[in-house]
Amino acid sequence: MKEIKLKTWILWAVILFSLGIFADYFFWHLLLGHQNSEPVHTTEAAISDSAKPETESAKLDKEEEVSSFIRESHTEADPSGTPSLKDNFLETLQACAPEIAAQAIATPEALIEYLQKSVGVQAESVSVENYHITLADGSHHRIHVVAQDRSNLPDKKEVRYYKLDAEGYPERIRLKKDDTLQSLLAQGTLTRHELRADLKLKDGSAVQLERHDQKVFEFQYNNHGRVLSCRLAHCQCP
């Protein structure tokens, strides 16, 4: 009887010892081995994610270049389709500058022409100009002229040249030493011209102006403290 119990005890001891070895192997080799493999995947994912900001950063750089252009608003094409941009130019001009409204000024273009010719321009500073050109191969290019130090002197202007890619983002083209604004314009057909300018008038008033081709897109006329602000023919005079 005692001999049977001893054999049984030895058998159970062997079984428990084997289970302990198996558990040790499972925990240290299988479980921890799987956990150690996770950082590899995490690292690979981190590398993959770290590559994304570079692509996005490059895209942001392009968007920043695009933002330097004077953009055409959808309201310019159809201002009548937007109720908030109704034509109230005449009534606002009468409220803000009744002496000018008495001259039968009917449009923003007529107002700017009146101020330039009748009042007179003491100083004009063009801060930004955009020239849109189309080359013979159908590609679209932009010539971007930026004034430096708010000066209108020729040697204080920077000329930048861009080609638009398939998505409409500008790709800057390195200029040659002999490139000028006129030589760049001669490469294609001018389809659009935009500018922003500040006018200081002889009577002490001032105008900030954005013009698209011959159309006044947006302006602010400071009439000795009364400011007339207009986008197209929608205006306000606080």
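Could you tell me the calculated FRET efficiency between residue 128 and residue 203, based on Cβ-Cβ distance and R0 = 41 angstrom, to the nearest 0.05?
My answer for the efficiency is 0.95.
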**Fill in**
Toy charge model, Lys and Arg Cβ at +1, Asp and Glu Cβ at -1: the range 125-195 dipole around Cα centroid in debye, rounded to 20, equals 160 debye
**Message:** For the full complex of protein chains and a 1.4 angstrom probe, list 183, 125 by accessible area with the highest value first.
**Reply:** 183, 125
**Asked** Using a 1.4 Å probe, what is the accessible area per residue for the range 125-195, in Å²?
**Response** 60 Å²
**Prompt:** In percent, what relative contact order does the range 91-238 have, based on Cα pairs under 8 Å that are 6 or more apart in sequence?
**Reply:** 24 percent
**Asked** What accessible surface, in Å², does a 1.4 Å probe find on residue 132, ignoring ligands, DNA and RNA and rounding to the nearest 10?
**Response** 30 Å²
**Message:** Can you give the FRET efficiency to the nearest 0.05 for residue 169 and residue 121, using r as the Cβ-Cβ distance and R₀ = 30 Å?
**Reply:** 0.25
**Asked** If R0 is 22 Å, what FRET efficiency do you get for residue 214 and residue 182 from their C-beta distance, rounded to 0.05?
**Response** 0.60
**Request:** Determine the relative contact order of the range 125-195: mean sequence separation of Cα pairs under 8 Å and six or more apart, normalised by residue count, in whole percent.
**Result:** 38 percent
**Message:** Students often get this wrong, so check it: of 156/177; 156/215; 86/163; 157/177; 86/202; 117/215, which have C-alpha atoms separated by over 25 Å?
**Reply:** 156/215; 86/163; 86/202
**Message:** From the phi angles alone, apply the Karplus equation (6.51, -1.76, 1.60; θ = phi - 60°) to the range 104-121 and give each ³J(HN,Hα) in whole Hz, x where the residue is Gly or Pro.
**Reply:** 6, 7, 10, 9, x, 4, 5, 5, 5, 5, 4, 5, 5, 8, 8, 7, x, 9
**Message:** 7 Å from Cα along Cα→Cβ at both residue 106 and residue 158: what's the point-to-point distance in nm?
**Reply:** 4.4 nm
**Request:** Using a 1.4 angstrom probe on the protein heavy atoms only, line up 121, 216 by accessible area, largest first.
**Result:** 121, 216
**Three-way shape label, the range 125-195, alpha-carbon gyration tensor, a/c 1.5** = prolate
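The values are calculated or read from the model by the stated rules, or taken from the named source; none is laboratory data. Remember, it's a predicted structure, so these values are computed and weren't measured experimentally. Reconstructed Cβ throughout: ideal geometry from the backbone, glycine too, with neighbour counts over all protein chains shown. The accessibility values were calculated without ligands, DNA or RNA, using every heavy atom of the protein model including side chains. Shrake-Rupley method; radii C 1.70, N 1.55, O 1.52, S 1.80 Å.
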